[in-house]
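Written out below as structure tokens is the structure these notes cover.
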Amino acid sequence: MAKELLKGNVAIAEAALRAGLEAYFGYPITPQTELLEHLSKRMIQLNRVFLQAESEVASINMVYGAASAGVRTMTSSSSPGISLMQEGFSYIAASDVPCVVVDIMRGGPGLGNIQPSQGDYFQVTRSAGHGDYHPIVLAPASVQEAIDFTVLAFDLADKYRHLVMIAADGQIGQMMEPAELPPMRPIRTERPEWALTGAKGREKNIVTSLFMQPEEEEAFNQKIQARLKIIRKNEQRWYEYLTEDADLLVIGFGTAGRIAYSAVEAAREKGLKVGLLRPQTLWPFPEDRLSELADRIRGCLVVEMNAGQMIDDVRLAISGQVPVNFYGRMGGMIPMPDDILTAIEETLTRLYSAAGLPI
Amino acid sequence: MAKGTIVINQDRCKGCGLCPTVCPQNVIFMADDVLNAKGYHPATLVDPDEQCTGCAICAVICPDVCITVYRETPAKKHAPALA
Amino acid sequence: MLATLNAPISENSLQVVYEYPESLSPVVTHYCPGCTHGIAHRLLAEALDELGLREKTILVAPVGCSVFAYQYFETDGCEAAHGRAPAMATGLKRVQPDKTVVTYQGDGDLVSIGAAEILHAAARGENITTIFINNAIYGMTGGQMAPTTLPGQKTTSSPFGRNTTMTGNPIRMSELLANMDGSAYIVRRSLHDVKNIRKAKKAIITALKVQMAGLGFSMVELLSSCPTNWSIQPEKALEWIEDNMVPYFPLGDYKVRDEVNGL
């Protein structure tokens, strides 16, 4: 397949189709709506299920229904809509049904604005809904990654019977850049044996998140935690650049990570020993690699488009080995490479002087 | 009049007292001298003169599907509309 | 045979004329003594048996006293979030239109938190069937006022009797949904006596036939009792329905599309 000029939202929608999406339910909200619009045409053309629901609350529960029937299903929204869907995520997480959700994050809190933002990091990695669980969260930084992570999301959802979220932001959703779409994958014909397809020739299947007996509920929670442990071990993903001799490690995901890449290049041109770690999975966070790198670096600079949220995971992974500094913009402001470069230089100055080294 | 009888699954009965109120033949009573596993006084058939016609009205009102109804004349199996 | 024989059977052969429906699971329900949920469950199970639908039915039970309904039916089942059963049912139905999808909802679930979902399911003419149990109260949570609680009716959250200037008037959902073009069959029945229970069963059968024929949204509203939270013993509770609820929620057919009569 050749590269095409694709808009992020459209690319994600088309990638989902090609990954075998059978049913989509969603609701309009900027900056995500082109994703829904693209599917409103293509899903009908391909004789698959598309429905614009009356609200995000209805959308996620329609997705829960379709997922319980064992089909590949998805919804997409943006920050305020994702907040409305949280109860649904929790039900889905508590019923072992695979499901994919795309979150094109926007300025917040409240109605906020439609600019790109990363202010929902905690929401998607920590509190995607009530109860003890984490969705798997993939964070693309380009239209190509948005495509690849969409296909990956469906496969991970089925592999673990888990909720998988794609956490992009308004910029990734709205921008266009050349990218390559995967070939069309055939839709699956059989349904999983646990699916609600009618108790014909078998015992009845039940999909529920209700466990009245505490012993049962604890056992069920332990099962979820065991699965999360496996995911945490197997599914950590990141992108690394020039970290071999780096004194300072810049850490940023999605758009912030992409802009930090340019700042790292500019710093290297000035002879500064700087590298980049860009988490591609926000959950499981690439803690193993980061703690390895922590042995070699003098400090790190976390760059985010929020008040500092991923920085908590960085601190947990580094656990005090080296200082953790922060540079962030909020409200939908996008950090410029020069601003990050300045922060890099300031941080290095502090680190070297602290170590008694010439600057 | 057709002859019939009923069998009350006394373990399921919650002693709600509805079936005696509708039995046209007044042959169903709450057994005050019996307690079932859940501690309810179950309904019971007291029909020494075989007045029960198998009309199944009791089964229609029963909220806990405790009553199976029999009738002498061969009826289409399981046709509550008949009752 | 579940029943334990405790009465002598006369010599000549006796036919079973009324027995435990196949679509109902052989378990004792958690419902309170005299609660008409039990009757509604049996009617739905009998309807599924008679239409041969058990093996292709999926029951959607949202939060409420009937949240465990999926334990009581020998069909596939799921538990939906409070008020969201019509949405979950839409998802289940759209991806497998040949299956029969039934939501079984209480008045708190359907009329209060789930009002938008049921309204839009009807507006879309969603090919699902809703069994709507209206007992004018929130049962599971212990007897609070619901949107269908009658004016002046005392509940744990309207201790002085429902004050309509403060909380508005009960909502007649069947009349409301009957106005949706997508509604094919919307009727209100009651479970307060044997005659009405039989009518309710016929309505449930018709509603399922409407779904089977793909004619659009079908709903059977069933006036029901809640002896425990009304603090009225079962027999009197049924009378309370007739004396108080029926006048406010008139029984009858509110939408019967022409094609339904041919079923």
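Listed values, structure above:
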{"item": "For C:F68: the one exception among (1) under 22 Å from C:S174 (Cβ atoms); (2) of a type in the set (A, V, I, L, M, F, W, C); (3) open to solvent by 10 Å² or more (accessible area, probe 1.4 Å); (4) facing chain A (nearest Cβ under 10 Å)", "result": "(1)"}
{"item": "Failed item in (1) modelled with pLDDT under 95; (2) closer than 25 Å to A:R191 by Cβ; (3) not charged (D, E, K, R), with A:C99 passing the rest", "result": "(1)"}
{"item": "Segment A:18-28, subset touching an Asp or Glu at 6+ places or on another chain (Cβ under 9 Å) and open to solvent by less than 20 Å² (accessible area, probe 1.4 Å), residue nearest to A:R188 (Cα to Cα)", "result": "A:A19"}
{"item": "Hits in segment A:219-245 (condition: out of contact with any helix residue (DSSP H, G or I) (no Cβ under 7 Å at 6 or more places or on another chain) and of a type in the set (V, I, T))", "result": "A:I224, A:I230"}
{"item": "Segment C:189-199 - residue that is part of a loop (DSSP other than H, G, I, E, B) and open to solvent by 10 Å² or more (accessible area, probe 1.4 Å) and, of those, nearest to C:C35 (Cα to Cα)", "result": "C:H192"}
{"item": "Any hit, segment A:32-42, residues being among the small types (G, A, S) and over 18 Å from A:P80 (Cβ atoms)", "result": "yes"}
{"item": "Subset of segment C:71-86 [more than 10 Å from A:M62 (Cβ to Cβ) and either in contact (Cβ under 8 Å) with a residue 24 or more places away in the chain or more than 7 Å from every other protein chain (Cβ to nearest Cβ) (or both)]", "result": "C:Q71, C:Y72, C:F73, C:E74, C:T75, C:H82, C:G83, C:A85"}
{"item": "Count of segment C:51-65 residues which are facing another protein chain (nearest Cβ under 7 Å) and either surrounded by 24 or more Cβ atoms within 10 Å (Cβ to Cβ) or at pLDDT below 95 (or both)", "result": "2"}
{"item": "Selection within segment C:119-146 - closer than 18 Å to C:T164 by Cβ and open to solvent by less than 10 Å² (accessible area, probe 1.4 Å)", "result": "C:N134, C:A136, C:I137, C:A146"}
{"item": "Residues satisfying the stated conditions in segment C:243-259, i.e. within 28 Å of C:K209 (Cβ to Cβ), within 20 Å of the chain's Cα centre (by Cα) and part of a helix (DSSP H, G or I)", "result": "C:M245, C:V246"}
{"item": "Residue in segment A:170-181 that is part of a loop (DSSP other than H, G, I, E, B), more than 30 Å from A:G131 (Cβ to Cβ) and more than 14 Å from chain C (Cβ to nearest Cβ) present", "result": "yes"}
{"item": "Contacts under 7 angstrom Cβ, first residue in segment C:87-101 being buried (at least 21 other Cβ atoms within 10 Å of the Cβ), partner among the aromatic types (F, W, Y), 6 or more apart", "result": "C:M88/A:Y64; C:G91/A:F25; C:G91/A:Y64"}
{"item": "Hey, C:A116 open to solvent by 10 Å² or more (accessible area, probe 1.4 Å), part of a helix (DSSP H, G or I) and not basic (K, R) or not", "result": "yes"}
{"item": "Which listed residue is within 10 Å of chain C (Cβ to nearest Cβ), among the β-branched types (V, I, T), surrounded by fewer than 24 Cβ atoms within 10 Å (Cβ to Cβ) and touching a Phe, Trp or Tyr at 6+ places or on another chain (Cβ under 6 Å), from B:T5, B:T68", "result": "B:T5"}
{"item": "Of all residues in segment C:197-223 being more than 14 Å from chain B (Cβ to nearest Cβ) and of a type in the set (D, E, K, R), the one that is nearest to C:Y254 (Cα to Cα)", "result": "C:E221"}
{"item": "Positions within segment A:118-166 being of a type in the set (A, V, I, L, M, F, W, C) and either more than 30 Å from A:A219 (Cα to Cα) or not assigned by TED's automatic domain parsing to the domain that holds A:A16 (or both), in sequence order", "result": "A:A139, A:A141, A:V143, A:A146, A:I147, A:F149, A:V151"}
{"item": "Boolean, A:V302 is assigned to a helix (DSSP H, G or I), aliphatic (A, V, I, L, M) and either within 22 Å of A:L138 (Cα to Cα) or open to solvent by 10 Å² or more (accessible area, probe 1.4 Å) (or both)", "result": "no"}
{"item": "Some residue of segment A:231-249 being assigned to a helix (DSSP H, G or I), open to solvent by less than 30 Å² (accessible area, probe 1.4 Å) and of a type outside the set (D, E)", "result": "yes"}
{"item": "Residue within segment A:263-284 that is under 22 Å from the mean Cα position of the chain (by Cα), surrounded by fewer than 18 Cβ atoms within 10 Å (Cβ to Cβ), part of a helix (DSSP H, G or I) and not assigned by TED's automatic domain parsing to the domain that holds A:G119 present", "result": "no"}
{"item": "Subset tally (residues that are open to solvent by 10 Å² or more (accessible area, probe 1.4 Å), among the hydrophobic types (A, V, I, L, M, F, W, C) and away from every other protein chain (no Cβ under 14 Å)) for segment C:173-188", "result": "2"}
{"item": "B:V22 being facing another protein chain (nearest Cβ under 7 Å) and open to solvent by less than 70 Å² (accessible area, probe 1.4 Å)", "result": "yes"}
{"item": "A:A15 being of a type in the set (A, V, I, L, M, F, W, C) and more than 14 Å from every other protein chain (Cβ to nearest Cβ)", "result": "yes"}
{"item": "Selection status of C:I186, outside any helix (DSSP H, G or I), within 26 Å of C:C35 (Cβ to Cβ) and touching a strand residue (DSSP E or B) at 6+ places or on another chain (Cβ under 6 Å)", "result": "yes"}
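Quick grid of which residues meet (1) open to solvent by less than 20 Å² (accessible area, probe 1.4 Å); (2) farther than 23 Å from A:N9 by Cα; (3) in contact with a Pro (Cβ under 8 Å, 6 or more places away or on another chain):
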position: A:F89; (1), (2), (3): yes, no, yes
position: A:I92; (1), (2), (3): yes, yes, no
position: A:C99; (1), (2), (3): yes, no, no
position: A:L111; (1), (2), (3): no, no, yes
position: A:F122; (1), (2), (3): no, no, no
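The values are calculated or read from the model by the stated rules, or taken from the named source; none is laboratory data. Here the structure is a predicted model, which is why all the values come from computation and not from measurement. Here Cβ is always computed from backbone atoms with ideal geometry, including for glycine, and neighbour counts include all displayed protein chains. The area values use the complete protein model at the heavy-atom level, side chains included, leaving out ligands, DNA and RNA. Shrake-Rupley method; radii C 1.70, N 1.55, O 1.52, S 1.80 Å.
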